[in-house]
1. Testing A:D461 on (1) surrounded by fewer than 18 Cβ atoms within 10 Å (Cβ to Cβ); (2) among the acidic types (D, E); (3) modelled with pLDDT of 95 or more; (4) not assigned by TED's automatic domain parsing to the domain that holds A:H304, one condition comes back false. Which one is that?
2. Check whether at least one residue in segment B:525-532 is closer than 30 Å to A:V493 by Cα, among the charged types (D, E, K, R) and open to solvent by 30 Å² or more (accessible area, probe 1.4 Å), and report yes or no.
3. Name every residue in segment A:597-646 that is under 19 Å from A:F491 (Cα atoms) and charged (D, E, K, R), in order of residue number.
4. Kindly indicate whether any position in segment A:418-431 is among the aliphatic types (A, V, I, L, M), touching a residue at least 12 places away in the same chain (Cβ under 8 Å) and in contact with an Asp or Glu (Cβ under 8 Å, 6 or more places away or on another chain).
5. Any residue in segment B:518-536 that is within 14 Å of another protein chain (Cβ to nearest Cβ) sitting within a Cβ distance under 9 Å of a residue that is outside any loop (DSSP other than H, G, I, E, B) and among the basic types (K, R)? List the pairs, counting only those 6 or more apart or interchain.
6. Out of all the residues in segment B:581-588, is one or more touching a residue at least 60 places away in the same chain (Cβ under 8 Å), among the aromatic types (F, W, Y) and in a loop (DSSP other than H, G, I, E, B)?
7. Condition check: touching a strand residue (DSSP E or B) at 6+ places or on another chain (Cβ under 7 Å) and aliphatic (A, V, I, L, M). Does B:V575 satisfy that?
8. Taking A:H108 as meeting all but one of (1) modelled with pLDDT under 95; (2) open to solvent by 40 Å² or more (accessible area, probe 1.4 Å); (3) of a type outside the set (A, V, I, L, M), write down the number of the exception.
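The values are calculated or read from the model by the stated rules, or taken from the named source; none is laboratory data. Owing to the predicted nature of the structure, the values given are computational and were not obtained by experimental measurement. Note: ideal-geometry Cβ built from the backbone for every residue, glycine included; neighbour counts use all protein chains shown. Ligands, DNA and RNA are excluded from the accessible area calculation, which covers all protein heavy atoms including side chains. Shrake-Rupley method; radii C 1.70, N 1.55, O 1.52, S 1.80 Å.
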Protein chains: 2
Amino acid sequence: MTFEHPMWLPDRALSFLTGLPVHVAAGDEPLLDTVRREAERAGAVLVDDPIPAGGLTVVPADAAAGLGPEGFELSSAGERTTVSYGGAHGALYGWFQVLRDLARGVRHDAPARFEPAQRLRVLDHWDNIAVHPVMGQVERGYSGGSIFYADGALRDDLSRVERYARLLASIGINAVTVNNVNVGRREARLLSDDLGTVERLAAVFRPWGIRVHLSIDFAAPLNLGDLDTSDPLDGRVAQWWADATTRVCTRIPDFGGYLVKADSEGQPGPHAYGRDHADGANMLARALAPHGAVVRWRAFVYNHRQDWRDRSTDRARAAYDTFVPLDGRFDDNVVLQVKYGPLDFQTREPLSPVIPAMAQTNVALELQVTQEYTGQQRHAVYLAPQWSEILGFRPFGEDRPALAELVRGGIAAVANVGDDGFWTGHPLAQANLYGYGRLAWDPTLDPSALLDEWIALTFGDDAAVAAGIHAILDDSWRTYESYTAPLGVGFMVTPGSHYGPAVDGYEYSPWGTYHFADRDGIGVDRTVATGTGYAGQYPEPWASRFESVDTVPDEVLLFFHHVPYTHRLHSGRTVIQHIYDTHFAGAARAAGMAAEWDALRGRVDDDVWMPAAERFAEQVRSATEWRDQVNTYFWRTSGIADERGRTIY
Amino acid sequence: MTFEHPMWLPDRALSFLTGLPVHVAAGDEPLLDTVRREAERAGAVLVDDPIPAGGLTVVPADAAAGLGPEGFELSSAGERTTVSYGGAHGALYGWFQVLRDLARGVRHDAPARFEPAQRLRVLDHWDNIAVHPVMGQVERGYSGGSIFYADGALRDDLSRVERYARLLASIGINAVTVNNVNVGRREARLLSDDLGTVERLAAVFRPWGIRVHLSIDFAAPLNLGDLDTSDPLDGRVAQWWADATTRVCTRIPDFGGYLVKADSEGQPGPHAYGRDHADGANMLARALAPHGAVVRWRAFVYNHRQDWRDRSTDRARAAYDTFVPLDGRFDDNVVLQVKYGPLDFQTREPLSPVIPAMAQTNVALELQVTQEYTGQQRHAVYLAPQWSEILGFRPFGEDRPALAELVRGGIAAVANVGDDGFWTGHPLAQANLYGYGRLAWDPTLDPSALLDEWIALTFGDDAAVAAGIHAILDDSWRTYESYTAPLGVGFMVTPGSHYGPAVDGYEYSPWGTYHFADRDGIGVDRTVATGTGYAGQYPEPWASRFESVDTVPDEVLLFFHHVPYTHRLHSGRTVIQHIYDTHFAGAARAAGMAAEWDALRGRVDDDVWMPAAERFAEQVRSATEWRDQVNTYFWRTSGIADERGRTIY
């Protein structure tokens, strides 16, 4: 790999500090050394004493300010800007906030206080060491191979991982999981004889305030150890995990914890021994607690061998039915990690009802930065607006807390980075990584403003470029929704790859992902009155709102109700006409996005413009295919013509 | 591999010759030596002189008998049976005919004459040397790995290949292609630096009268040679092929020829240089002619990047449109190899119109023994009745020649053999290999009688076993048709794997394989009057019969016509009711087949019974899935209930 794009930290973004005096408080915390090295890198003049009148000063805050270890305050007075930090992490995050402010000409004449909303802000890499025959090296990865592993082992040269760590620190990420949640035999050995790999990665991430997490195989005592069981209530098993964890934490004192996908999609778990998820999670939690580490236990548990003929089983119900009865039983250092929707990272799903239902559990929200179902980094889809909607959703009603306030266990996301030159496949997909870090820190940030922030850092101050990229990305998630999945229906994708349309692709599958379209109508009846009862898993007012076809929001209508094609939406259109209209408009908008990118040729560096232009061409082709397949399918099935007489094949 | 099933040549089948005197005419033809070794293997007593009064005598026929080199006559007089052969090949085939007769108690008191209907009777192995990442080692192989190659090279131990050669000789096969028609880079080297592999295989097949063929890369002069072109009209290219072929035939004097898939599904061909298929085929034919070898040029050429929106392009037309204008232009040693149907080895297709249309071309018929679309050797499907129907089809009408008489270039088929213990995955799939060889020799043989012949040789003389297996297999192809593809519609299979149902799986694909089902009807209008005109590619009377919805045979109705679900078949049923009835009946019959196999437990060796029983369980599961997915799809789409009120989901 020769070319490597600097993402949002090009030399230009540092140039505002060049020549400025910078004072960093004395102290031997490694993270303060990191800040000093950053100052040197920017060409600033490090001044120990006396504190200079201008430039930047990084000093501890008064205890009275009550800042947490990652918090900081910024203030500008005359020529001097001051970062007052609660702990050394705060100094590092404050440093990068200053970079963002300088690049955009922002001053804080009134002191501004910054604290992360979540203590845990983690990226989960679904990277394999051994290349999986179907999933490849990075499961659901669209950016080439792993940045960690090559040729069946840790890379010799970890300099790129270090640059990655710096990029993540600059947006506030403080934890990284270094292997796939689907743990293969090779990867399971990261816990045993290949622990050295984790240790080396941890050493690279540590100067950037990032703790390393490990996905583990729940059956490791069986598969790696000498035991004939992995029953979590068996004392030998608990001891095995205690010993294994002590070995890990002795070599990696700041080890972050385990990530576990148990009893899900074929992975082993406590059910094999008649135990429940609390038994399993707590056993691991107790091994980790002495070391200040957590276990993240994924709530993504459902029957993936469902019979499509069986309409009473509803995959959407599964996480709630499995985990809510366990609320209150999880140890303090268990984090229950819940996907944002009840199915699986669809472009549009209602929010998972598990999150509001588990008041006594540390719940983490899981997002997907990698674009598995949202265009696979060949389509330009800026996801921060989706995440912002999710984080701002108020499950108990408009005057009650937003989801972001209910989540106490952290924010997690599946990473979108690989070893390609742009890190993220599509150059514009970098915006998603950026937006994720910033929203994980502060979920109230405006995604549109974050987009401008990212553009300014990455592309500089050409107003036409900024306006053009903003126009392309700002509404791109809704555009993608419009030419793919109508009204919350989901899973109309090619089986396996999840790229491109296949209206019936998952309709007769064992995966529990159906739309039940027939000649008269479409959608899944998840009401309490006549359906699977899923709507009843929500608190009020949403239980009632989702239950009634009169009050359910249009965008999730088909997730909750089976309706005739002639059903009239709140928008005034019929369902079938909505399908036609949105697919025509969405594909046209994709073409418009490509044209807008075309107009930036010459203004954006050719080595960025060209690969993105190729992806825009693919997005237009794919959006057209989506439009025509979806429209044709529903025209053939419903027999109802487009009111506007457009071509449907 | 420890276990290896003897197929239709168990020791029992030889035992009838044990102790009998056998006389083989003097002569140093290697094939006569093979007959002598066979006699020794059977425990017969070889007698040179004088010719014994009883037992078996193998002697040259009078020239006046006019037997071809592979022909022979059998006659029994008193205790003596005589094989009179036209050539040494005839001696070998006569020998195995005697084995078949003895096992079944058949005598020829009146002399019986045997001549193969086709000079070329070939099995094409789609074996790769390097394992293909998607297709595996054997493309469309359902019997494990290749019997030829392992670990990226020819196997060291070729003893199994020799046993395979003997089995093929015993059913009259006289040629084998040793590599996949889709020629990879590794396999292309069989023509150059890895020619030794072909030479070694030819040496194994030679004593069994089998000539080796090679699939070649049309672009080899570019890819292997020093040329910058593979233009067939470029003299350097012709010389390159002449030189390469001379090298091959010097080392393999009985080399059979090349098999070429050109300008098809991404393979290179003459079109890249503005040349046609006759230019390409003749160029290779002229390189081969001095060595008495042929080029088999596949007619499987179509646009595999079709737009599903385009209803005017019809893949079914492609081979005819491409090749019929070239009739008369092919050299004598060109064989145009045509798949039996215009699409691709579907369970039911009308016969390819290319075969009757090319009177001045040596056309070979291509069948598929490997069960790509017919259950992949997990379903018990005896295909000889299908092949018999194809071979007996009379394109010019009932009093005119059958297809088998129009074919002069030979009979080819894709092999179904791999390195598993039964050679063919499902133990009962051996019947297809057997039936193929026997029908290639004599297309007028009755497939039901061939089935009994195979059962007697393979399973011996337990009448209950014979009746049971006969009952299971005899109508199994029509059973498979009934629970899968209705009325000639085809391609309702899982994309890629081609196993299991997906009604819309290929409906929006670029492969040209559509059914156009909508809420009102289904089928492809291929009439001249209103459709693609494909029906007009047939001679009379079939052009008119297929053209009219009144005269088209029910079983290919949807191949030629788009009709409403309420269209009434000749059977008296509506299309929709036919779909329901056949799918219910077919799945029930699959369960019946499994029950019949179950009843043979204890009568069939457990090491054969058990693996077949596992496959019958899978067949029942799969047939049920086919039934329900197809019925549900058409019920949802048509809204027409089953007249008999059976469960449709």
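1. (3)
2. Scanning segment B:525-532 turns up at least one residue that is closer than 30 Å to A:V493 by Cα, among the charged types (D, E, K, R) and open to solvent by 30 Å² or more (accessible area, probe 1.4 Å).
3. Matches in segment A:597-646: A:E625, A:R627, A:D628.
4. The first filter runs over segment A:418-431 and keeps only residues among the aliphatic types (A, V, I, L, M), leaving A:428-429, A:431.
Narrowing further to those that are touching a residue at least 12 places away in the same chain (Cβ under 8 Å): A:428-429, A:431.
If we keep only those that are in contact with an Asp or Glu (Cβ under 8 Å, 6 or more places away or on another chain) too, we end up with none.
The answer is no; no qualifying residue exists.
5. These pairs meet every condition: B:D518/A:R636; B:R519/A:R636; B:D520/A:R636.
6. Within segment B:581-588, none of the residues are touching a residue at least 60 places away in the same chain (Cβ under 8 Å), among the aromatic types (F, W, Y) and in a loop (DSSP other than H, G, I, E, B).
7. Values: touching a strand residue (DSSP E or B) at 6+ places or on another chain (Cβ under 7 Å): yes; aliphatic (A, V, I, L, M): yes.
It is true that B:V575 is touching a strand residue (DSSP E or B) at 6+ places or on another chain (Cβ under 7 Å) and aliphatic (A, V, I, L, M).
8. (2)
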